[in-house]
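Beneath this line is the structure, given in structure tokens, with notes to follow.
The values are calculated or read from the model by the stated rules, or taken from the named source; none is laboratory data. Because the structure is predicted, anything quoted here is derived from the model rather than measured. Cβ placement follows ideal geometry from the backbone for every residue including glycine, while neighbour counts extend to all protein chains displayed. Surface areas here come from the heavy atoms of the whole protein model, side chains and all, with no ligands, DNA or RNA. Shrake-Rupley method; radii C 1.70, N 1.55, O 1.52, S 1.80 Å.
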Amino acid sequence: MREFYDCVQEAELIDVKSHGLRYTWNQKPKNGVGMLKKIDRIMGNIKPLDVFSDAYAMFLPFRVSDHAPAILKLFSMSTDRPKPFKFPNFIVTKPEFRQAVMSEWTKTVEGATMFSVVKKMKGLKSHFRRILHNQGNLHKRVTDLRNELDQIQKQVEAHPFDAAIQSSETICLRDFKSAVYDEECFLKQKSKYEGVDVAAALLNHYSAFMGTEDKVARLDDADLFVNVLQQNVAETMVRQVTDDEVKQAMFSISENKAPGLDGYTSAFFKNAWDVVGGEVTKAECDFFNNGQILKQINHTILALVPKMDTPNTVLDYRPISCSNVIYKCISKIITNRVKGCLGTLVNINQSAFVPGRKISDNILITQELMHNYHVDRGPPRCALKIDIQKAYDTVS
């Protein structure tokens with residue numbers, strides 16, 4: 001097994017994403033005792049996984065065998081639509097990045113500030129695609145530099161006092177570290193899940209799950225909202241948005257978050273803030289002043305994140321929304337103002353979603369309550385565990 005592990009490491013193989021059975025080998029039960037293990041695998045290195053990015057493995061039921069049949073699904077490399085733009089974070093370290101941003105941002109665009117920002121960001125996409133293309137094949141570059149570094153270090157060992165060889169090792173090592181960093185950043189952003197039947201599966205699941213709309217009785221909300229904000233707190237929440245507030249919200253957004261429909265991550269805004277910050281801040285403030293937002297910014301992508309290694313149904317995925325960074329920044333500003341007032345409105349029994357409260361406190365309380373439930377003496381006791389599935393999706 002150690003030799004097999006070394007072989008996998010040498011060939012740089014990883015598991016192809018899979019569906020179906022998790023354990024692929026079973027030992028037939030003897031005297032009621034059996035065994036299940038993950039033995040069979042379908043693996044590939046960077047090249048085929050890059051070419052066939054939609055490939056997946058399907059492990060079927062055992063039937064009469066002790067091994068699960070494994071099928072590798074490969075999809076055509078050709079696609080009917082162009083690949084959407086995704087801002088590669090690592091290009092912010094390239095000198096061409098700032099040159100492209102400044103050349104595009106000095107242009108004058110007629111119209112509202114938010115429209116100007118969107119227009120310039122769209123114009124920058126061709127520049128960034130060119131910069132990415134000029135980097136060449138990142139994976140091949142890493143491989144070539146790794147082999148070159150190996151050869152140079154062998155020469156260093158043979159000629160330890162040769163200054164020229166030592167200098168070339170320093171240069172090659174610097175280039176190798178830079179290439180590995182670029183590849184790592186690129187692969188982090190590239191991880192995704194796609195499939196030809198995803199849309200139909202989601203539509204069928206939620207159509208059956210949510211059902212049809214029912215008649216709802218009118219709710220008497222006269223005594224519903226007992227807790228209200230104090231006047232000074234309410235006025236503070238709707239105060240004028242400042243430039244520092246916009247910048248703080250923008251810089252608090254993680255650079256590795258999945259991008260929205262425009263393909264930009266927060267890394268673009270952070271590294272070009274001295275150029276784009278003024279106009280972006282004005283666009284954000286305009287929204288809070290007039291309540292108008294462009295549909296290009298208000299678009300959101302719904303994506304699926306697997307909850308387990310081998311998902312089979314829609315329930316095995318957690319849906320997330322991928323919003324544009326400008327939209328996220330607006331949400332951050334609103335959230336930062338709201339969360340400071342939640343403590344006076346939300347009952348103390350609600351132990352989550354409020355700063356300073358922990359959902360784990362409920363676990364400790366439950367342990368205290370259930371501590372003596374097994375004791376026969378004393379009054380009768382009863383506990384109910386209620387699981388409200390997706391309550392926020394089914395509230396009418």
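Quick rundown of the values:
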item: Considering only the chain, percent of DSSP beta bridges that pair antiparallel, nearest 5; result: 85 percent
item: Cβ-defined net charge surrounding Lys122, 13 Å radius [Lys, Arg +1; Asp, Glu -1]; result: +3
item: The chain - mean residue ellipticity at 222 nm from DSSP helices (-39,500 (n - 2.57) per run, n ≥ 4, rounded to 500); result: -14500 deg cm²/dmol
item: Accessible area expressed per residue, the chain, with surrounding protein chains retained (probe 1.4 Å, Å²); result: 70 Å²
item: The range 211-254: trypsin sites (Lys or Arg not before Pro) in DSSP coil with no more than 11 other Cβ atoms inside 10 Å; result: Lys215, Arg218, Arg239
item: Tensor-based shape of the range 1-136 (alpha-carbon gyration tensor, a/c under 1.5 rounded, otherwise prolate or oblate); result: prolate
item: For the range 272-396: relative contact order, % (alpha-carbon pairs under 8 angstrom, 6 or more apart); result: 13 percent
item: Mean Kyte hydropathy of 1.0 or more with a Cα span along the axis of at least 15 Å, helices from DSSP in the chain; result: 198-210
item: Whether the range 1-55 is rounded, prolate or oblate, judged on the alpha carbon gyration tensor where a/c under 1.5 counts as rounded; result: oblate
item: Neighbourhood charge, 14 Å Cβ-Cβ cut-off, centred on Thr281 and excluding it, Lys, Arg +1 and Asp, Glu -1; result: -3
item: The chain, relative contact order in percent, only Cα pairs under 8 angstrom and at least six apart counted; result: 16 percent
item: Cα-based shape type of the chain, given that a ≥ b ≥ c are square roots of the gyration tensor eigenvalues and the cut on a/c is 1.5; result: oblate
item: Proximal aspartates and glutamates to Lys37, defined as alpha-carbon separation beneath 13 angstrom and excluding residues fewer than eight positions away on the same chain; result: Asp66
item: Surface share of carbon and sulfur [accessible, 1.4 angstrom probe, percent] for the range 270-396; result: 57 percent
